[in-house]
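Data block below; observations after.
The values are calculated or read from the model by the stated rules, or taken from the named source; none is laboratory data. A quick note: this is a predicted structure, and the numbers were derived from the prediction, not measured. No Cβ is skipped: glycine too gets one built from the backbone with ideal geometry, and neighbour counts run over all protein chains shown.
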Amino acid sequence: MQSAGTYGKRIPYWDNIKGILILLVVFGHMLYDVYGGLPLINTVKVIYCFHMPAFAFVSGYFGRKESSCGFKQIIKLVFLYFVFNSIMGFLYGFSSLTEPNYSYWYLLALIAWRIITPHIKKQKLLVPILILLSIAVGFSPSVDNTFAVSRIIGFYPFYAAGCSLPDTTGENLGDKRLLKGIAFALAAAVIIYVMINYMYCGYDDLKMSAYTEVSAPIKRIMLFAEAFAAIWALRYITPAKKLPFITMIGRNSLSIFVLHRPVTLFINSRFTDMPYGEVFAAAFVSAVVICLAFGNDRVGGLVERFAATSEHLFEDERGKMNPARFTVLLVALGFVINAVYPHT
């Protein structure tokens with residue numbers, strides 16, 4: 001979820017990939033909390049099989065640059081996590097102050113990956129080593145969602161793989177890119193079909209939670225296989241030219257990510273007892289509308305400028321109250337109020 005304008009000239013190819021993925025993220029969240037039966041559950045599982053691995057991969061590609069791992073960029077991510085994760089806690093309650101709320105674990109993951117990766121990115125066989133670590137850590141129940149550690153370790157190989165990717169655009173993927181993309185997509189589809197229908201893959205498996213059954217390590221291995229196949233399919237199939245809606249929301253994927261979750265929770269609570277077809281249609285239309293509302297350039301620019309004010313949080317500017325400092329004070333006040341009047 002690279003913010004708009006960070007690296008100067010934009011490449012539509014990568015914005016298109018991010019646009020496809022953020023639309024899937026919002027669509028998946030529109031369906032996730034609707035317990036309406038097997039078709040809905042399986043649709044969400046298919047999305048979850050690859051959308052966050054792919055986003056981690058893309059984040060790794062943009063996280064290769066030293067500027068992405070600098071102090072100001074890390075502070076920006078910490079600031080966004082503190083603000084938006086806290087807002088979700090105020091709205092829906094905190095399960096624990098050490099556990100991220102809903103999708104905001106990904107900001108914690110980005111913080112950890114960007115701090116650690118510069119120190120180990122030259123390690124030989126880094127991605128295979130991290131895959132083995134991800135598989136091994138599932139055997140430890142103590143590695144859980146506290147500070148999103150299980151997901152940070154579990155999805156780290158995808159981020160590292162993105163970091164190792166050379167500069168690329170859609171134009172330099174060679175001939176027969178569409179045929180290659182279809183081949184990778186078919187391979188991913190076959191593995192996903194087996195995982196869901198024969199391995200009975202559940203949400204805990206897709207979220208890199210600790211193993212609870214003997215077959216769980218096999219599922220994780222299959223998850224890596226299908227996710228990398230899906231990522232390569234997406235790389236080959238995604239057009240390199242501008243696609244008005246998709247390119248725009250990809251360019252502003254950060255603003256969609258930090259703003260969309262309360263809205264999806266509010267809307268999909270209205271889907272109870274609706275027929276499957278109507279739920280699918282309503283969820284997709286809602287996802288498109290949400291992406292348009294939060295992913296246009298005006299809103300994306302506002303969120304980017306708001307996040308950028310966090311760069312001055314620790315500067316000595318006596319008497320000045322920038323938006324970041326004011327927001328931090330408001331959130332701190334929110335914690336005081338929440339302590340006095342706990343969320344029920």
Study note, to complete from the structure: Note on Gly202: of the conditions (1) within 22 Å of the chain's Cα centre (by Cα); (2) modelled with pLDDT of 95 or more, unmet is (2)
Practice item. Give me the pairs, please: first residue somewhere in segment 267-291 and surrounded by 12 or more Cβ atoms within 10 Å (Cβ to Cβ), second residue anywhere and outside any helix (DSSP H, G or I) and β-branched (Val, Ile, Thr), beta-carbon distance under 7 Å, and either six or more positions apart or on two chains. Key: Asn268/Val34; Phe271/Val34; Val279/Val34
Practice item. Taking the options Glu315, Glu278, Glu311, name whichever one is farther than 25 Å from Ser253 by Cα, in a helix (DSSP H, G or I) and of a type in the set (D, E, K, R). Key: Glu278
Exercise for review: Could you please find all residues in segment 133-172 being surrounded by fewer than 19 Cβ atoms within 10 Å (Cβ to Cβ) and over 24 Å from Leu97 (Cβ atoms)?
Suggested key: Leu133, Ala136, Phe139, Ser164, Leu165, Pro166, Asp167, Thr168, Thr169, Glu171, Asn172
Review point. Can you name the residue in segment 235-247 that is in contact with a helix residue (DSSP H, G or I) (Cβ under 6 Å, 6 or more places away or on another chain) and in a helix (DSSP H, G or I) and, of all such residues, is nearest to Gln73 (Cα to Cα)?
Key: Thr247
**Study point:** Per-region count, segment 31-74, residues within 20 Å of Met222 (Cβ to Cβ) and outside any helix (DSSP H, G or I)
**Key:** 2
**Study point:** Every pair of residues 6+ apart whose Cβ atoms lie under 7 Å, when the first sits in segment 15-30 and is in contact (Cβ under 8 Å) with a residue 24 or more places away in the chain and within 21 Å of Gly170 (Cα to Cα) while the second is of a type in the set (Lys, Arg) and assigned to a helix (DSSP H, G or I)
**Key:** Asp15/Arg251
**Study point:** Top-ranked residue of segment 47-66 - restricted to ones that are surrounded by fewer than 20 Cβ atoms within 10 Å (Cβ to Cβ) and touching a helix residue (DSSP H, G or I) at 6+ places or on another chain (Cβ under 8 Å), ranked as modelled with the highest pLDDT
**Key:** Ile47
Review point. Are any of the residues in segment 137-156 within 22 Å of Tyr13 (Cα to Cα), touching a helix residue (DSSP H, G or I) at 6+ places or on another chain (Cβ under 9 Å) and among the aromatic types (Phe, Trp, Tyr)?
Key: no
Study note, to complete from the structure: Flagged in segment 140-167 as among the β-branched types (Val, Ile, Thr) and in contact (Cβ under 8 Å) with a residue 40 or more places away in the chain, in numbering order, are Val143, Thr146, Ile152, Ile153
Study note, to complete from the structure: Scanning segment 171-229 residue by residue, those assigned to a loop (DSSP other than H, G, I, E, B) and either closer than 12 Å to Gly138 by Cβ or of a type in the set (A, V, I, L, M) (or both) turn out to be Leu173, Met199, Lys207, Met208, Ser209, Ala210, Tyr211, Thr212, Glu213, Val214, Ser215
